[in-house]
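A.B. asks: I have a structure I would like to understand better, so I am pasting it below and will then ask my questions one at a time.
The values are calculated or read from the model by the stated rules, or taken from the named source; none is laboratory data. Keep in mind it's a predicted model, so treat the numbers as computed, not measured. Methodologically, a virtual Cβ is constructed for each residue, glycine included, from the backbone with ideal geometry; neighbour enumeration extends over all protein chains shown.
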Amino acid sequence: MAGATHEPNVDIDVTLAPSAAPVAGFGNTLLLVPLATNRLNGLRVASYASYDEMLTARTAGYISATTLQAGLVAFAQRPKIDRFKVGYVDLVAVETYSTALAACIAYDSDFYGVVADTRVAATITALGATIEASSKRMVYIPQNASSTWLTNALPAGITGDRERTGFVYHSADTAWNDVAWTVNRLSFNPDNVSAPWNGCTLAEVAAITPITDAQRDFVIGNDCNLGLPCGGEDFVMDPGVNSAGRPLYEIVSTDWFAIRLRERIGALVVARANNGQKVPVSSLGQNLVLGVIQGLYDQAVAVGHFIAPDEDDLPIVAETITDADRSARTLRFTVRAQIAVGARLFTFNVYASTDALSA
């Protein structure tokens, strides 16, 4: 018969660290299409991991031939995407694209890029306004074939100067230039690299109807993007900007930093709370948060989102704690960052002479 021991003198209580918090993804793109021809097997948003899956869905009558073609273009891009998402718009029930987007977000919010089958200026403008005002960070790439892009004016019904909208000009409404460009650029994980939105080669997109150099300049001057031959490739996108003329990688970089910072601070609060600890409104609490910010800032520099600050600069500052801060249980910080700018234009001065070059 076993006897008593003194082992109960050592009492061990194990507290597990919180499960890893899910992180927001930037690689997924959502395509909005009409419900009448895209039943999606009863789903509000269908997620496809390959073109073969979409082909199976087409055979079953869940998506249209047009949507299948969009999938072919999406999965033809390199690097290859992990998945392509399709959400429906119930146009028969007079649902708007904006309302449909909100329903898709409620059903499955794991996407960052938004494209839609519509080429109608008024619909594009309305959906862009919704995305601009949304609390969810997204980028919207609409495509339009109006010949007005080739002049010094925006097409009727199109609203410019929006940060989250990047227009694409293509002479054919049936082309999926918008899908190709969006999934191509978002296939690069911003945790690892800051990808430019200009200079990229797209696959499975037919060339636009030939335009003149002057017309190309008008498209670019209208803060619109288009694909043309460059560097030995047939279809290369330029200038890579949103409708406010800002490089789209700036939007991705700042969204990435803001989203990752929110996730990491949330994880800090939860981890300490699970250990019975506060994040105090004190210098200790400030130092805990500063460590999180600095780690993310260093990552942003390493992967090319930000430029490393000079040694004398203080890009991250913990603001002085006030009585109001203590009352509101608030810690305040200021973060300054210089976005790494990607070159697009190159100018050379070459002087040639029959005389020998001086040393």
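A.B. asks: Of these, Pro18, Pro22, Pro8, which one is part of a helix (DSSP H, G or I), at pLDDT below 95 and over 23 Å from Thr96 (Cβ atoms)?
C.D. replies: Pro8
A.B. asks: Show me the helices (runs of 4 or more DSSP H) found entirely inside segment 192-304 where at least 3 residues are within 20 Å of the chain's Cα centre (by Cα) and closer than 29 Å to Gln69 by Cα.
C.D. replies: So the answer is 248-274.
A.B. asks: Looking at Asp255, Asp223, which one is assigned by TED's automatic domain parsing to the domain that holds Ala153, within 21 Å of Val139 (Cα to Cα), surrounded by 18 or more Cβ atoms within 10 Å (Cβ to Cβ) and of a type outside the set (Phe, Trp, Tyr)?
C.D. replies: When all the criteria are applied, what remains is Asp223.
A.B. asks: If I ask for residues that are out of contact with any Lys or Arg (no Cβ under 8 Å at 6 or more places or on another chain) and either crowded, with 21+ Cβ neighbours inside 10 Å or outside any loop (DSSP other than H, G, I, E, B) (or both), which ones from segment 82-105 would you list?
C.D. replies: Those that are out of contact with any Lys or Arg (no Cβ under 8 Å at 6 or more places or on another chain) and either crowded, with 21+ Cβ neighbours inside 10 Å or outside any loop (DSSP other than H, G, I, E, B) (or both): Phe84, Lys85, Val86, Val89, Tyr97, Ser98, Thr99, Ala100, Leu101, Ala102.
A.B. asks: Inside segment 327-337, can you point out the residues that are over 20 Å from Asn287 (Cβ atoms) and surrounded by 13 or more Cβ atoms within 10 Å (Cβ to Cβ)?
C.D. replies: Ala337
A.B. asks: Then there is this: Which members of segment 236-280 meet the condition of being under 30 Å from Ala206 (Cβ atoms) and among the aliphatic types (A, V, I, L, M)?
C.D. replies: Matches in segment 236-280: Val236, Met237, Val241, Ala244, Leu248, Ile251, Val252.
A.B. asks: Only one of these conditions is not met by Ala180: (1) assigned to a helix (DSSP H, G or I); (2) in contact with a Cys (Cβ under 6 Å, 6 or more places away or on another chain). Which number is it?
C.D. replies: (2)
A.B. asks: Inside segment 294-326, can you point out the residues that are among the hydrophobic types (A, V, I, L, M, F, W, C), over 21 Å from Val281 (Cα atoms) and at pLDDT 95 or above?
C.D. replies: Hits for segment 294-326 are Leu296, Ala300, Val301, Ala302, Val303, Phe306, Ile307, Ala308.
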